[in-house]
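Step one of this worksheet: look at the structure below.
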C-alpha cells in the first residue's frame, strides 16, 4: 500500500525550490566513451540469457554480475541464474555461486534488490558475498532456504553465513546482503527467526561477524527492541560503523510514526538509530522511501521517495546538517516527470550520482523509456549515459548503473539492440568516463648559461591519462611547432645561444579533448671563461724547448677556439683548444733573461674571451759537462794515442776550445767541432802512468767546465806465439814434430831473442832456442788419448813473455765394424725375436773387441748385451705392428772405437682382438641407469692390452662411445632406453696394434616398474579405484565403469607417453561357478575410444560402458602394456 503525503507536501515543494536555485548555473554534460558489452564469455560471445546487476572489484579489474545464460562458463549453470565474475583484463569468466570444486549451484542465485553499488567484495578483492537457494555449495548441504554465502576467490572455499553463532542455518530466506568496508562483517535481511537466542518475528536486518560468528540484530531501536515491521536493503557506511536500511517498522526511532517504508541509519557500535527519510524539520516522509546508499565520505545518504505527485524521485540527505537535495531533476532543477527515478549510486569522489529513470525531461531534447543518467552535484548538469557511441539513446530499457572504484568507468545493464544486445534480454555494458585534459602545472621561464641543461616541466589531469607533446616558438609566440620525440612531462635539452628567446609550451591530449599550458621563455647567456697558464720548465736553459700550456675553463662547458701565447707584447704563436679545453705552444727561441708570458683566449660563439695572469719565465746560460776518453789505454811504448774531449749541454751544442793536460803540462789544444768534440793525438808518452785532463773555456751562452782526470798507462810490448803439429790426430807410437813461431804484437816491433819450452799440460817435453823467430821439438812417447801441447816464450828485456794457444794432439784407438741378424723376420705382434750382433777389428787394428752392444729400433733403445767372443744377443716381444729399422751399436772399449751396423728391416704384423659385452641390470626398469661393459682382449697366442674406443649401439642406433681403460675395459651408463627389447652391440675401433672387432649381440629388456611400486603416491602397475585391485568390485548395470591405472619408471614417475597400452580385452565372464573365456574388444562411452592419459590425475583412464553387459556376472579384463606385462582386474554387475 502506498501511504499519502498529507502535510509533508509543502515541505517537499520548498526543498525543490532551494535545489533549483542551487543548480541554476551553467551545466556541462559528462563525456563518455563507447559502450562496451562485457557480459560475454572468454571468447567474447555474448551471454544467451539475461545478465544484470554489475558490481566492480575494489581495484576495478573484475566485474560481478548475475546471469541465466548457459554459455558463459565452461561448465553447466544447471539451468539457473548464477553469479559470475568477469576479468576485465583477460576476458576470463567463472562461476562465483559454485562449490569449492567450481560446480555451479543446483538452484538459483539471486541478485540483491538494492543498488549495484552495495559492497559485494572484501576490501582486498579476494572474497565475495552472495545469496543462493542452492543446496550443494557447502559440505553437508543446506535446508533449502535462500542463504547468504561468502566465496574465497583464491581457494574456492564457500562458507554459509546466514546462520547463528553456533553455525545453525537460518530457518527462513536470507537476501539483500553487503560486505563491511573492512571485510570482517556481512549485513543481510532475513525472515529467519532462529539467528539469535531469542526468536525474532519479522524480516529483520542482521550483521554477522565473520571472525567470531557473532550475530547482531540491526533492525532494532536504540535499546535493542526488534522492529515491528519488515526491514530490508542494508548497506554499510564507508567507515563500517553504521548500517542504512529500509523498514516498515514504526518503533525504531523518534519521529517514525507510521508503517510506511522509511530509511534508517543504525550505529552498530553505540546502538543509536536515526530516521533519515525526513525533511529539514525532522518530519518523516509519508511516501515510500527505498534503496538507501551512503556517500563516499559517509556524511550523506541517497534514497528514492514516492512523492504525492505520484513521481518517485531521488534525494540526498545530509546526515550532519539535515539538508535535503533533489537529484532526479534537469540541469535547471525541474524534477523528473516519471515515477521510476531510483537506484542512485555515488561516484567515488562524491561529485556525481548515477541513477535510472523513465523521466523524459532530464536532458535537452528529452528521452524516452527507462534510461541511465549521471547528475553532476556541483553544476547540476545531467548526462544521458545509456546511449550508443554516437549519443543516440538506447532503444530499450537501461538501468542499474554503477561507477568503477576510480571513477573512470560506468557500468549498467540494457536490453537495447542499438547498444549491441541481440537476444532481447538485459546485458552488461561498461563505458569509460572521459575527462578532457586540464593543465595543473605549466612550465616556468628559465635563464641559463649556454651549454647548461634546460629543463621544463608541465602536468595535466584527464581520463584517459592525456599524452603530452612539447612545442617551441622561435618567433615570439606567433607560431609553435612540435618538438620531435618530446612526449614526456619533462622536456630536457642542452641550451645554446641560438635558442635564446624561444618559447616552450606543452599540449596535453586525450579522446575527450586537449589543453595547452602557458608558454615559458628560455633566456640563454654567454658563459664567462678563465684561462690558466703553466710552463713545462721554469727556469729553463738557453736553447732548451719550453712548452707553455693554457687551460680555458667555464662552469657552462668546455670552450673551443684558439689561444695566442705572448712574450710581453710579442706573439710567440697560437694553439687550438682540444676536447678538454687545453692548448699548447712549444718554443726553444727564448733568449737568455727574464720573459713575461701570457695566454689570450679569443672566445667562441658560446664562450667569452679571457687572458691568463702573466707567467715570469727565466732563461739561464746552459750548463756544460766535459768527458775525456783515450783511443788506447793502456798503450805500449811508441804507440800513437788520440785523446777526445766531448763538451755537452741540455741547452744546445757549445763552441770554443779545449786544452789537454798531462798533470799540469799542456799537451796541446783542440777546437770544438759542430758536435761539441775536440781531439789531440800524441806518441811521446813514456812508459808509466799519466793523469790526463781536458778543461773547456766556455763561450757567450755556455759556462766553462773540466773533465775528470783520465789515468793513461804505457806498457811494454806484447808478443804472440803460434804452435803446430806434423800429424794430428796420430796413433799410439807414431812420431810427431811440434813447431813454434814467436813475433811482437802490434803496435810493438823488433827482433826477439831467448828460448821456447814445449809442454804437455804442465809437463815439460823439452826446450829449443829461437832461430829467426822459430823453434821445434820431436816426440813419439805420447800415450793414447788427448794431449794439450803449448809453446811458451820466456821473454827478454824489451818484450813480455807469451804462450801459444794449446794444440790438442789426439792419439786415437783402432777402428771396428758391426753387423746384426734376426731370428724371425717377419714376426707377429708380441712374438719373441732374437737379434745377434757381431763386432770385429778394422785394419790396421787387430784383436777381439770387448764391451757392450746397444740394440736400437730407429732412435729408440731396445736393450744392451755384452760381447762374448765378438758376439752379443738381445730378445724382444714388445715390437709394435709396423716395419722396424733395427741397428746394433758397439760402444767400444779401451783399444777399439765403437761402430754401428747397417739397419735391419724387421716386420711385425697386427694381432686380432676379441670383444665381449655385458649389462647390469638386465632386465631393467624404464629410466633406470644401465651400465654397459665391453671387454677387449688379444686373441691367443697373442698378448697385450688393446687401446682406443668402443662404440655402443642399439641395433643401428649409436648410444655413445667410451675409451678403453688400461685393462682393456670400456663402460657406458645410460637411462634413455625405451620400454621393450633392445639388441645391443659393442664395436671396437682398433688401434695401432690390434684390428677392430664387434661383440656378439646382447638382448637388453626394459620394463615398467612392477606392481605395487609407488607411482606418484599410488600403487603402480595395477588397477586403481573405484575398481578394487584386491577383489571384485560390484557396480550397477548400465553405469559407466572407469578403469584407471598408472605405470611408472624407476623413479616412481607416472608415464603418460602414447603407446603404453598395447591391447585391452574382456577375457573371462564368470556366471556363478561357470567361466567363459572370451577375447572381446572393450566398449566405451563417448568420448573415449581408447585408454586416454589424464595429465591432471596422472592416470590412464578408460570409461567402460556396461550397457550391453548382463547384471549378476563378473567380468575379467586384461590390459596388455607395451613392455609385455599384463594388468588383470575384474568387477561384478548388479
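Observations on the structure shown:
- Each DSSP beta bridge with both residues in the chain is either parallel or antiparallel, and the antiparallel ones are about 95%.
- At R0 = 35 Å, FRET efficiency that the Cβ-Cβ distance of residue 928 and residue 100 yields, to 0.05: 0.30
- Extension gain, residue 810 to residue 689: 0.36 nm times the residue separation minus the Cα-Cα distance gives 39.0 nm.
- Rg/Rh (Cα only; Kirkwood hydrodynamic radius) as it applies to segment 1014-1133: 0.96
- In segment 625-715, Cα pairs under 8 Å separated by at least six residues give a relative contact order of 35 percent.
- Both radii are taken from the alpha-carbon atoms of segment 840-986; with Rh as the Kirkwood radius, Rg/Rh is 1.31.
- Computed extension gain for residue 139 through residue 713, at 0.36 nm per residue and net of the alpha carbon distance, reaches 194.1 nm.
- Legend: P(r) of segment 1028-1087 from all alpha carbon pair distances, 5 Å bins from 0, whole percents, reading 4, 10, 15, 24, 21, 13, 8, 4, 1.
- Counting every C-alpha pair in segment 310-455, the share spaced more than 24 angstrom apart comes to 40%.
- Under the Debye formula (equal points on every Cα, no solvent term), log10 I(q)/I(0) of segment 394-448 at q = 0.13, 0.14 Å⁻¹: -0.48, -0.51
- Pairwise FRET efficiency - residue 605 versus residue 444, Cβ, R0 = 30 Å, nearest 0.05: 0.65
- Working ranking of peptides 218-227, 804-813 by packing, defined as the average number of other Cβ atoms within 10 Å per residue, highest first, is 218-227, 804-813.
- Cα shape, segment 268-394, gyration tensor, a/c 1.5 rule: prolate
- Each Cα pair under 8 Å and six or more residues apart adds its sequence gap; the mean of these over the residue count of the chain is a relative contact order of 4 percent.
- Site pair residue 779 and residue 821 shows an inter-label distance of 4.8 nm when each label is modelled 7 Å from Cα along Cα→Cβ.
- Distance histogram in 10 Å bins (all Cα pairs of segment 136-186, percent per bin): 22, 57, 21, 0
- Legend: P(r) of segment 25-141 from all alpha carbon pair distances, 5 Å bins from 0, whole percents, reading 2, 11, 21, 22, 20, 12, 5, 3, 2, 1, 1, 0, 0.
- Put simply, when 550-557, 201-208 are sorted by average Cβ atoms within 10 angstrom per residue, most first, you get 201-208, 550-557.
- Values of log10 I(q)/I(0), in the order q = 0.17, 0.20, 0.28, 0.30 Å⁻¹, for segment 334-376 under a Debye, Cα-only, solvent-free model: -0.43, -0.59, -0.99, -1.08
- Diffusion coefficient, µm² s⁻¹, Stokes-Einstein with Kirkwood Rh over alpha-carbon pairs of segment 408-535 at 4 °C and 1.567 mPa s: 73 µm²/s
- Debye intensity ratio I(q)/I(0), log10, segment 232-310, q values 0.11 Å⁻¹ (C-alpha model): -0.25
- In segment 447-489, the alpha-carbon atoms span a convex hull of 113 Å³ per residue.
- Seen against the Cα atoms of the chain and their longest principal axis, helix 9-22 is set at about 30 degrees.
- Along each principal axis, Cα extent of segment 719-812, largest first, Å: 41, 21, 20
- Shape analysis of segment 530-620 based on the Cα gyration tensor places the equivalent ellipsoid semi-axes at 25, 11, 10 Å, largest first.
- Ranked for footprinting exposure by Cβ neighbours inside 10 Å, fewest first, 133, 313 give 133, 313.
- √(5λ) per eigenvalue of the Cα gyration tensor, segment 766-837, largest first, Å: 58, 14, 8
- Relative to the compact-globule estimate of 2.2 N^0.38 Å, the Cα radius of gyration of segment 913-1007 comes out at 1.08.
- Using alpha carbons only, the radius of gyration of segment 816-907 set against its Kirkwood radius gives Rg/Rh = 1.00.
- Protection proxy ranking of 247-260, 699-712 - average other beta-carbon atoms within 10 Å, highest first: 247-260, 699-712
- Whole-angstrom Cα spans of segment 181-267 along principal axes, big to small: 37, 29, 21
- Sorting 1071, 86 from the fewest to the most surrounding beta carbons within 10 angstrom yields 1071, 86.
- Over the chain, equivalent-ellipsoid semi-axes from the Cα gyration tensor in Å: 113, 68, 22
- Residue exposure proxy: 848, 560, ordered by other Cβ atoms within 10 angstrom of their Cβ from fewest to most, comes out as 848, 560.
- The length gained on full extension between residue 71 and residue 1063, counted as 0.36 nm times the residue separation minus their Cα-Cα distance, comes to 353.2 nm.
- Centre separation in Å (Cα based) which lies between segment 889-936 and segment 1027-1103: 59 Å
- Treating r as the C-beta distance of residue 734 and residue 788 and R0 as 25 Å, the FRET efficiency rounds to 0.85.
- More than 19 angstrom apart: percent of Cα pairs within segment 625-715: 35 percent
The numbers here are math on the coordinates, done by the rules we state, and not lab data. Since the model is a prediction, treat every value here as computed from it, not as a measurement. Cβ atoms come from the backbone with ideal geometry, glycine included; neighbour counts cover every protein chain shown.
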